[in-house]
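The values are calculated or read from the model by the stated rules, or taken from the named source; none is laboratory data. Predicted model, so just to flag it, every value in this text is computed and none were measured. All Cβ positions, even for glycine, are placed from backbone atoms using ideal geometry, and neighbour counts span all protein chains on display. Only protein heavy atoms, including side chains, enter the accessible area calculation; ligands, DNA and RNA are left aside. Shrake-Rupley method; radii C 1.70, N 1.55, O 1.52, S 1.80 Å.
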Amino acid sequence: MARVLTGVQSTGVPHLGNILGAMLPAIQMSNQPENEAFLFIADLHSLTTVRSAEVLRNNTYGTAAAWLAFGFDTAKNTFYRQSDVPEVTELAWYLNCFTPFPMLANAHSFKDKASRLSDVNAGLFTYPVLMAADIILYDADVVPVGKDQKQHLEMTRDIANAVNHKYGEVFVIPESQIDENVMIVPGVDGQKMSKSYNNFIDIFLPEKQLRKQVMKIVSDGKSLEDVKDPEDSVIVDLYALLADDKQLAQMKASYLAGNYGYGHAKQALFEVIMDRFSKERAEHVRLMADVNVMDDVLLEGANKAKLVAQNTLSRVREKFGYHS
Ligand code: ADP
Ligand code: TRP
């Protein structure tokens with residue numbers, strides 16, 4: 001069995017781009033019999049920027065509810081909150097002592113954040129070390145991440161190798177898995193859908209608000225009667241990701257025939273979203289209405305994770321000369 005591990009940020013609820021580009025492929029991979037997935041919500045990392053307990057808590061539940069609504073199998077796999085296994089912070093300290101200062105100072109994501117944020121705290125600086133601890137603590141073999149996390153994975157391997165070099169085979173050296181052909185879901189303004197561009201579609205919103213988001217999709221100024229180009233339309237691009245072949249062919253034909261407005265196309269897109277995700281939407285509402293159920297699931301996951309974590313830590317303590 002390969003241990004596949006990944007962390008998800010909890011800055012808001014996953015949007016349609018995250019769902020199609022990252023969550024559904026990850027769930028598919030976790031269902032493979034040859035894989036065992038560790039999936040956690042990186043809520044300790046969130047404290048580098050979030051300054052509200054309520055926001056932090058809600059984001060965690062919203063994110064967990066999305067994964068559960070899409071059927072992530074928490075019995076086969078291990079699903080937990082990073083903060084429920086504080087052992088990771090102990091390992092992060094040990095790893096800090098093997099992390100060259102210039103390596104962190106040169107990290108792209110740190111330099112980027114440091115130039116944008118007014119609060120440049122040390123947590124932001126050592127973010128990659130906590131991430132390395134997330135991975136190393138659980139003896140992960142494979143870590144699927146987006147391209148932007150590639151450098152963090154390289155650092156993780158460097159840190160783990162530095163320890164192994166001094167102390168023998170202490171850590172498993174993880175491989176990153178970066179899918180270069182990941183689909184790019186466009187946002188309502190036609191750019192890549194992203195939380196940071198505020199152009200996302202949140203499929204878990206109540207019907208009216210969701211419809212409003214869909215209606216915000218940009219289109220050119222053509223009037224109802226005009227013939228429209230289906231190859232140059234964000235609405236069609238999004239519809240293609242969700243509708244079946246027949247529905248898509250029908251929308252394209254309507255574009256070319258005229259007397260079909262962008263409003264009609266957006267309505268069709270809205271309906272396909274409601275239809276395709278009706279089960280997940282209902283499940284999300286149900287989960288958010290009673291977060292105790294999620295607490296139970298997450299704590300059960302944390303207990304499974306803790307067993308692995310404690311094992312790794314006692315191995316490390318013994319190697320470093322601490323009482324284990
Ligand atoms: P955001 O840009 O909204 O902050 P993240 O950077 O947190 O999203 O991405 C989380 C995961 O979702 C990553 O694996 C990323 O590749 C994927 N993802 C994000 N936006 C999109 C998109 N528009 N299309 C496809 N996948 C996406
Ligand atoms: N830094 C990752 C991101 O921004 C989230 C993350 C935290 C992570 N710890 C991890 C991803 C460990 C993979 C493995 O998306």
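Based on alpha-carbon atoms, the Kirkwood radius and the radius of gyration of the stretch 125-253 give Rg/Rh equal to 1.19. Compared with the direct C-alpha span, the chain from HIS264 to HIS323 gains 14.4 nm at full extension, assuming 0.36 nm per residue.
Which net charge results when you count Lys and Arg as +1 and Asp and Glu as -1 among the other residues whose beta-carbon is under 11 Å from that of ARG281? Don't jump to the answer; show the numbers that get you there.
Values: positive: ARG276, LYS279, ARG286; negative: ASP202, GLU207, ASP275, GLU280, GLU283.
Summing Lys and Arg as +1 and Asp and Glu as -1 gives -2.
Each Lys and Arg Cβ is given +1 and each Asp and Glu Cβ -1; about its Cα centre, the stretch 207-324 then shows a dipole of about 580 debye.
Using only Cα coordinates, the Kirkwood hydrodynamic radius of the stretch 1-116 works out to 15.9 Å.
Whole number please: convex hull volume per residue, Cα atoms of the stretch 42-105, in Å³. Show your work: numbers first, answer last.
Details: hull volume 8.1 nm³, N = 64.
Once divided by residue count, the hull of the stretch 42-105 is 127 Å³.
Each 5 Å bin, from zero up to the one with the longest distance, holds this percent of the alpha carbon pairs of the stretch 111-175: 4, 16, 25, 22, 15, 10, 6, 2, 0. A Cβ-based charge dipole, computed about the Cα centre of the chain with Lys and Arg at +1 and Asp and Glu at -1, lands at about 560 debye.
Restricting to DSSP loop positions (anything but H, G, I, E, B) with no more than 15 other Cβ atoms inside 10 Å of their own Cβ, which GluC sites (Glu not before Pro) remain in the stretch 33-134? Mind dumping the intermediate values first?
Numbers: sites: GLU34, GLU36, GLU54, GLU87, GLU90; in loops: GLU34.
In loop regions of the stretch 33-134 (DSSP not H, G, I, E or B), the sparsely surrounded GluC sites (Glu not before Pro) are GLU34.
State the three equivalent ellipsoid semi-axes of the stretch 3-42, derived from the C-alpha gyration tensor as the square roots of 5 times its eigenvalues, in descending order and whole Å. Walk me through the numbers on the way to the answer.
Working: eigenvalues 75, 33, 5 Å².
After diagonalising the Cα gyration tensor, the semi-axes are 19, 13, 5 Å.
Reducing the stretch 97-111 and the stretch 41-59 to their Cα centroids gives an inter-centroid distance of 23 Å.
Estimated from helices alone, the mean residue ellipticity of the chain at 222 nm is -17000 deg cm²/dmol (sum of -39500 (n - 2.57) over DSSP H runs with n ≥ 4, per residue).
In this structure the amide hydrogen of SER176, modeled in the peptide plane, comes within under 5 Å of the amide hydrogens of VAL143, none closer than 5 places in sequence on its chain.
Applied to the stretch 12-22, the Karplus parametrisation 6.51 cos²θ - 1.76 cosθ + 1.60 on θ = phi - 60° returns per-residue 3J(HN,Hα) values of x, 7, x, 9, 4, x, 4, 5, 6, x, 10 Hz, with x for Gly and Pro. Pairs LYS166/LYS195; LYS147/LYS222; LYS76/LYS212; LYS111/LYS306; LYS76/LYS147; LYS150/LYS192: which are spaced more than 31 Å apart, C-alpha to C-alpha? Correct reply: LYS166/LYS195; LYS147/LYS222; LYS76/LYS212; LYS111/LYS306. With a 1.4 Å probe rolled over the protein heavy atoms of all chains, the accessible area of LEU39, LEU241 falls in the order LEU241, LEU39, largest first. Neighbours of MET29, meaning other residues whose beta-carbon lies under 11 angstrom from its beta-carbon, give a summed charge of -3 when Lys and Arg score +1 and Asp and Glu score -1. Hull volume per residue, based on the alpha-carbon atoms of the stretch 103-149 and their convex hull, is 83 Å³.
Taking 7 Å steps out from each Cα toward its Cβ at LYS306 and LYS147 produces label points 4.1 nm apart. The mean of 1/r over all pairs of different alpha-carbon atoms in the chain, once inverted, gives a Kirkwood hydrodynamic radius of 21.6 Å. Comparing LEU210, ALA305, ASN58 along the charge dipole axis of the chain, the residue lying farthest to the positive side is ASN58, per the Cβ-charge model. Extending 7 Å from Cα along the Cβ direction at CYS97 and again at GLN32 yields two label points whose distance is 3.8 nm. Reducing the stretch 254-288 and the stretch 188-236 to their Cα centroids gives an inter-centroid distance of 11 Å.
Net length available on complete extension from ALA257 to ALA53 is 68.1 nm, with 0.36 nm assigned per residue and the Cα-Cα distance removed. In the stretch 107-200, which GluC sites (Glu not before Pro) are in a loop and have at most 14 other Cβ atoms within 10 Å, using DSSP for the loop call? Qualifying residues, ordered by number: GLU169, GLU180.
What does the net charge come to around ASN311 if you take all other residues with beta carbon closer than 14 Å to its beta carbon, with K and R at +1 and D and E at -1?
Working: positive: ARG3, LYS304, LYS306, ARG315, ARG317, LYS319; negative: GLU87, GLU90, ASP139, GLU318.
It works out to a net charge of +2.
Filter the trypsin sites (Lys or Arg not before Pro) in the stretch 186-281 to those in DSSP coil with at most 13 other Cβ atoms within 10 Å of their Cβ, and list the result. Present the calculation step by step, with values, prior to reporting the outcome.
Values: sites: LYS192, LYS195, LYS208, ARG211, LYS212, LYS216, LYS222, LYS228, LYS246, LYS252, LYS266, ARG276, LYS279, ARG281; in loops: LYS216, LYS222, LYS228.
Answer by residue number: LYS216.
Positive-end ranking of SER233, SER223, MET103 along the dipole of the chain, with charges on Cβ about the Cα centre, is headed by MET103. Multiplying the residue separation of LEU224 and LYS111 by 0.36 nm and removing their Cα-Cα distance gives an extension gain of 35.9 nm.
Can you sort THR74, THR49 by 1.4 Å-probe accessible area, starting with the largest? Each step should come with its number before you reach the end.
Values: THR74 40, THR49 75 Å².
Final ranking, largest accessible area leading: THR49, THR74.
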